[in-house]
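Worksheet: the structure to be examined is printed underneath.
The values are calculated or read from the model by the stated rules, or taken from the named source; none is laboratory data. Here the structure is a predicted model, which is why all the values come from computation and not from measurement. Glycine gets a Cβ as well: all are built from the backbone with ideal geometry, and neighbour counts include every protein chain shown. Keep in mind that these areas ignore ligands, DNA and RNA; they rest on the heavy atoms of the full protein, side chains included. Shrake-Rupley method; radii C 1.70, N 1.55, O 1.52, S 1.80 Å.
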Amino acid sequence: MSTTQARAVRFDEYGDRDVLRVTEVSMPQPAAGEVLVEVRAAGINPGEAAIRSGAMHERFPATFPSGQGSDLAGVVTELGAGVTDFGVGDEVLGFSWQRSSQATHVVVPVSQLILKPDALSWEVAGSLYVVGCTAWAAVEAVAPKPGETVAVSAAAGGVGTVVVQLLAVRGAHVLGIASPANADWLTAHGATPVPYGDRLAGALTAAAPDGIDAFIDLFGPEYVELAVELGISRDRIETIISFQKAQELGTKSAGSADASTREFLTEMADLVASGRIEIPIAATYSLDDVRDAFAELEKRHTRGKIVLIP
């Protein structure tokens, strides 16, 4: 790879993981108000798999050839005209809205970057945006008060691990729905583990005899239906994934876009850097192993984040 070339994940059609390829592309050039970042880490997310498969075509259509990725952390290597927020050599984290972060280099507007706290590893910094801002928006949507009980589905996943900890920081009692294998982690982070399965409604009721005040769904429409069946007020049921079901039942569906600001990202980075919130890293893969990374992600049993290292 020369100084005029970068490498990036691309796909030319909707499909399974085998449509993904890593190819050489022209080195991006920053326009006014942008910087070029040499990427050190880029987290991957379930939404990217859904977009690649075509499952979200109506909501988030792809233009081919398409890149992938929102999360990123890296080093600023070039400044566009008028940039004063950052300098060459600055370590930054942030996000791309151009599906471009799964690459060796990416151009990013300065409004979508913050300085990386020294306490954050590259892997954590490169995983922070999607899970952090999605979790923040989801928690804000149900507005938990200290002492209230909030149930969370997929509580040990990438977003779930952050939601659980944010709720704990706010003083809520968390019912973490996950597999028994994640019970110890949930307990250690202040949640009451509740195993998913056929008897889930009864298990949730038994774990919260005084009632459940809010429900955050991070997995699928069956949990939105369950929350309604449990009698939880619909304005305190939030899903980050089941948009159609939310519309049908009149519940909420806030996502990362609702918290995609430097202010919220800075607050999340500070919480993680201070140790109040942990971002578990489940695995790292090279950029060339992007298919393997998504194979692991799509098992939907990963605790924490999977990260690409260009």
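When you check Ala201 against the structure, is it part of a helix (DSSP H, G or I), open to solvent by 30 Å² or more (accessible area, probe 1.4 Å), over 20 Å from Thr261 (Cα atoms) and in contact with a helix residue (DSSP H, G or I) (Cβ under 9 Å, 6 or more places away or on another chain), yes or no? It is true that Ala201 is part of a helix (DSSP H, G or I), open to solvent by 30 Å² or more (accessible area, probe 1.4 Å), over 20 Å from Thr261 (Cα atoms) and in contact with a helix residue (DSSP H, G or I) (Cβ under 9 Å, 6 or more places away or on another chain). Of the residues making up the stretch 248-265, those that are under 11 Å from Cys133 (Cβ atoms) and surrounded by fewer than 16 Cβ atoms within 10 Å (Cβ to Cβ) number 4. Pairing residues of the stretch 283-297 that are within 13 Å of Thr104 (Cα to Cα) and at pLDDT below 95 with residues that are among the polar types (S, T, N, Q) and in a strand (DSSP E or B), at Cβ distances under 6 Å and at least 6 apart in sequence or on separate chains, gives no pairs at all. Within the stretch 104-156, which residues are open to solvent by 20 Å² or more (accessible area, probe 1.4 Å), among the small types (Gly, Ala, Ser) and outside any helix (DSSP H, G or I)? Ala119, Ser121, Ala143, Gly147, Ala154 - these are the residues of the stretch 104-156 that are open to solvent by 20 Å² or more (accessible area, probe 1.4 Å), among the small types (Gly, Ala, Ser) and outside any helix (DSSP H, G or I). With the checklist (1) assigned to a loop (DSSP other than H, G, I, E, B); (2) open to solvent by less than 30 Å² (accessible area, probe 1.4 Å); (3) of a type in the set (Val, Ile, Thr) in hand, flag the one item Thr63 doesn't pass. Of (1) assigned to a loop (DSSP other than H, G, I, E, B); (2) open to solvent by less than 30 Å² (accessible area, probe 1.4 Å); (3) of a type in the set (Val, Ile, Thr), only one is false for Thr63: (2).
Quickly run through the stretch 204-228 and pick out the residues that are among the aliphatic types (A, V, I, L, M), assigned to a strand (DSSP E or B) and closer than 20 Å to Pro46 by Cβ. Answer for the stretch 204-228, where residues must be among the aliphatic types (A, V, I, L, M), assigned to a strand (DSSP E or B) and closer than 20 Å to Pro46 by Cβ: just Ile216. Does Gly87 fit the bill of being touching a Gly at 6+ places or on another chain (Cβ under 9 Å), part of a loop (DSSP other than H, G, I, E, B) and open to solvent by 10 Å² or more (accessible area, probe 1.4 Å)? Judged against the criteria, Gly87 is not a match. Could you tell me whether the stretch 138-145 includes any residue that is at positive phi and not acidic (Asp, Glu)? Checked against the condition, which is being at positive phi and not acidic (Asp, Glu), the stretch 138-145 yields at least one hit. Restricting attention to the stretch 1-24 and to residues that are open to solvent by less than 30 Å² (accessible area, probe 1.4 Å) and of a type in the set (A, V, I, L, M, F, W, C), the residue that is nearest to Ala81 (Cα to Cα) turns out to be Ala6.
Of the residues Glu238, Glu225, the single one that is touching a Lys or Arg at 6+ places or on another chain (Cβ under 8 Å), buried (at least 22 other Cβ atoms within 10 Å of the Cβ) and at pLDDT 95 or above is Glu238.
Those residues that are farther than 13 Å from Thr149 by Cα and either touching a Phe, Trp or Tyr at 6+ places or on another chain (Cβ under 6 Å) or open to solvent by 30 Å² or more (accessible area, probe 1.4 Å) (or both), I need them from the stretch 207-222; list them, please. If the condition is that a residue be farther than 13 Å from Thr149 by Cα and either touching a Phe, Trp or Tyr at 6+ places or on another chain (Cβ under 6 Å) or open to solvent by 30 Å² or more (accessible area, probe 1.4 Å) (or both), then Asp217, Phe219, Pro221, Glu222 are the ones that fit.
Every condition in (1) part of a helix (DSSP H, G or I); (2) open to solvent by 60 Å² or more (accessible area, probe 1.4 Å) is met by Arg52 except one, and the failing one is (2).
The requirement of being modelled with pLDDT under 90, closer than 30 Å to Phe11 by Cα and not in a strand (DSSP E or B) is fulfilled nowhere in the stretch 264-273; no residue meets it.
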